[in-house]
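Peer 1: This is the structure I have questions about; it appears just below.
The values are calculated or read from the model by the stated rules, or taken from the named source; none is laboratory data. None of these values were measured; they are calculated from a predicted model. Counting neighbours? That spans all protein chains shown, and the Cβs are built from the backbone with ideal geometry, glycine included. Note: areas computed on protein heavy atoms with side chains; ligands, DNA, RNA excluded. Shrake-Rupley method; radii C 1.70, N 1.55, O 1.52, S 1.80 Å.
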Amino acid sequence: MAIEEMELLDMTFDKKYLKEVLCQLKETKYFYPQPATKIVNNVKDVFTMAPDEDYKNMLDELKELAEHVKLDTSSVKEGSIHFAKEDYRKALDDVTKEAKKYLDIKEEFVTERGQNQAAYEILEGLSNTELNMDEVKECEYMEARFGRIPRRNKDKLDYYRGQSIMFLNLGEDAKSVYCLYMTTKAAILKVDNIFQSVGFEEIEIPDFVHGRMEDAKKELLEEIESMNASIRKADSRLEGIRDAHEEELLKMFADLTFAARIEEFKVFVVDYQSKYAIYGFVPVRVAKDIKKTFEKYNVEYQDLPAHIYDDQQIIAPTLTNNYPWAKPFEVISKVKQSDHVDTTLATAVLFILVFALMLGDIGLGVVLVLLGLLMRKKTSGKMITVLGIASFVGGLIYGDAFYSIHLYPSVIPVADAFSYQRFINAILLLIVGQFCIGKVKAIYNEQSMINKVFSIKGVVGIVMGLAVAAYVAIAVDTTWHVSYLPLVVVLVLGIVLNFIKKALDKKQ
């Protein structure tokens, strides 16, 4: 298939149309804008533009608010750029201020609930011991700490077994180990430092917790339930704010999302003071259609060669027109914009024929297709799927699965179709095929007829490569004893012709 011929399009327009042009640019396919920083060459009074970060910042604030008030924005459609930023700023601040009052209350209760839940875990662990909470608190010669450490650091305490520390494991959850440690008042600072090094987090036991352990646990549960009720009440108030402002917030979300996206395109705008300009690569075949989409904004165009800014690293993208089944093979053909021919189709046909006729197998085909589907988001996954289908079709011809189960006689007569030599031949054919495709591509790209014919990269190189491949195939695939003299003659003649070519080059 063909490589798209590209050109660099210079679009110049009045400043009043900036937003409209950027919106149209966002929707235009096959237009590849280039950063203005690459276009501007330190010319006085020529500037680049930077996105207005206010839109993104407001959008981030709105997303945070939407999360707090449980506002569903997943189905919001694209908005408009026609709004006053100042009005949205004020509206967002007003709703945020209204919600913050209840968010602060909720956060306070959530924090206290977490502390009480941690304290409950401590008491739950103490329930299985003979310790008395009041006695632990009132101990005259010992200091006690209740808290938790990350589970991953639990084993680090083994290094301090020789210290005068009483450590009691009070229970574990997925992340933490709840514990109590005690030591003398003289050693408490050193022991505190040890436990801080393993991520110890102290848990305060509320003052109302005393007496019998079961009564204390009951009190804590009542406190936790009371806090849950307060949290639910705060959530209800936040949902009320959401319901009251839902339509306004959703419209704001749509417009700010669109505006923030449009602002990103400002990096492609060159400011010539009197006018703006955008430079971008377009395929020549669709250039007229792209120009028509912008004509209502009085855009002036200048068509430039694709390579005009190569020195400034402004390189045209390489676009190809390949069938969907062949497109994944572009990673192998490695087509560049400077190439005159696209070898992707030839590469795809080569691999498909090899996998169908030489590696054809129903079992291998199914495995490759499943693997390709698992990797379907990657280009390599799509290529594996195509090769799997080719192998499966070949397997249907041969009637074999996993090269060992013969389901039915082969549709075409083959002898020992799936011996190890067939795999070796498949590899050799892929190598030779890729070699020939690469040489043909080099010949096609070469301008000099002498180089096309006599260069190692030209016809001479293809003949030498095929000669070597033929002799390798005979040695691997047959028991024939052939003379290597013709091969030597071909190689020596090729080298001599290449030297003659170089001599002719020096005379020119």
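Peer 1: Would it be correct to say that residue 221 is within 47 Å of the chain's Cα centre (by Cα) and either open to solvent by 80 Å² or more (accessible area, probe 1.4 Å) or not hydrophobic (A, V, I, L, M, F, W, C) (or both)?
Peer 2: Yes, satisfied.
Peer 1: Could you tell me which numbered condition residue 238 fails, if it satisfies all but one of (1) surrounded by fewer than 18 Cβ atoms within 10 Å (Cβ to Cβ); (2) under 21 Å from residue 95 (Cβ atoms)?
Peer 2: (1)
Peer 1: Name the residue that is nearest to residue 238 (Cα to Cα), counting only residues in segment 22-80 that are among the polar types (S, T, N, Q) and loosely packed, with under 15 Cβ neighbours inside 10 Å.
Peer 2: For segment 22-80, the residue satisfying everything is 73.
Peer 1: I want to confirm something. Restricting to segment 292-307 and keeping residues that are assigned to a helix (DSSP H, G or I) and in contact (Cβ under 8 Å) with a residue 40 or more places away in the chain, which single residue is least open to solvent (accessible area, probe 1.4 Å)?
Peer 2: 294
Peer 1: Please state which of the following conditions residue 179 fails to meet, knowing it meets all the rest: (1) open to solvent by less than 80 Å² (accessible area, probe 1.4 Å); (2) under 41 Å from the mean Cα position of the chain (by Cα).
Peer 2: Status for residue 179: all satisfied but (2).
Peer 1: Also, I was wondering about something else. Please tell me if residue 131 is open to solvent by less than 50 Å² (accessible area, probe 1.4 Å) and farther than 30 Å from residue 246 by Cα.
Peer 2: Spelling it out, it is not the case that residue 131 is open to solvent by less than 50 Å² (accessible area, probe 1.4 Å) and farther than 30 Å from residue 246 by Cα.
Peer 1: Now a separate question. Right, residue 70: on the phi > 0 side of the Ramachandran plot, within 35 Å of the chain's Cα centre (by Cα) and not in a helix (DSSP H, G or I) or not?
Peer 2: Judged against the criteria, residue 70 is a match.
Peer 1: Anything in segment 318-368 that is more than 28 Å from residue 3 (Cα to Cα), under 30 Å from the mean Cα position of the chain (by Cα) and crowded, with 19+ Cβ neighbours inside 10 Å? List them, or say none.
Peer 2: 364, 365, 368
Peer 1: Look at segment 140-169 and say how many of its residues are part of a loop (DSSP other than H, G, I, E, B) and either open to solvent by 80 Å² or more (accessible area, probe 1.4 Å) or closer than 16 Å to residue 202 by Cβ (or both).
Peer 2: Number satisfying all stated conditions: 5.
Peer 1: If I ask for residues that are buried (at least 20 other Cβ atoms within 10 Å of the Cβ) and either of a type in the set (Lys, Arg) or assigned to a helix (DSSP H, G or I) (or both), which ones from segment 266-278 would you list?
Peer 2: Across segment 266-278, the qualifying residue is only 268.
Peer 1: Across segment 99-138, what is the total count of residues that are assigned to a helix (DSSP H, G or I), within 12 Å of residue 170 (Cα to Cα) and in contact with a Lys or Arg (Cβ under 9 Å, 6 or more places away or on another chain)?
Peer 2: Within segment 99-138, residues that are assigned to a helix (DSSP H, G or I), within 12 Å of residue 170 (Cα to Cα) and in contact with a Lys or Arg (Cβ under 9 Å, 6 or more places away or on another chain) number 6.
Peer 1: Could I ask something else about it? If you go through segment 18-41 one residue at a time, do you hit one that is closer than 30 Å to residue 314 by Cβ, at pLDDT below 90 and touching an Asp or Glu at 6+ places or on another chain (Cβ under 8 Å)?
Peer 2: No: segment 18-41 contains no residue that is closer than 30 Å to residue 314 by Cβ, at pLDDT below 90 and touching an Asp or Glu at 6+ places or on another chain (Cβ under 8 Å).
Peer 1: Just give me the residues in segment 174-224 being modelled with pLDDT of 85 or more, part of a loop (DSSP other than H, G, I, E, B) and farther than 15 Å from residue 115 by Cβ, in sequence order.
Peer 2: Correct list: 174, 175, 185, 186, 187, 198, 199, 200.
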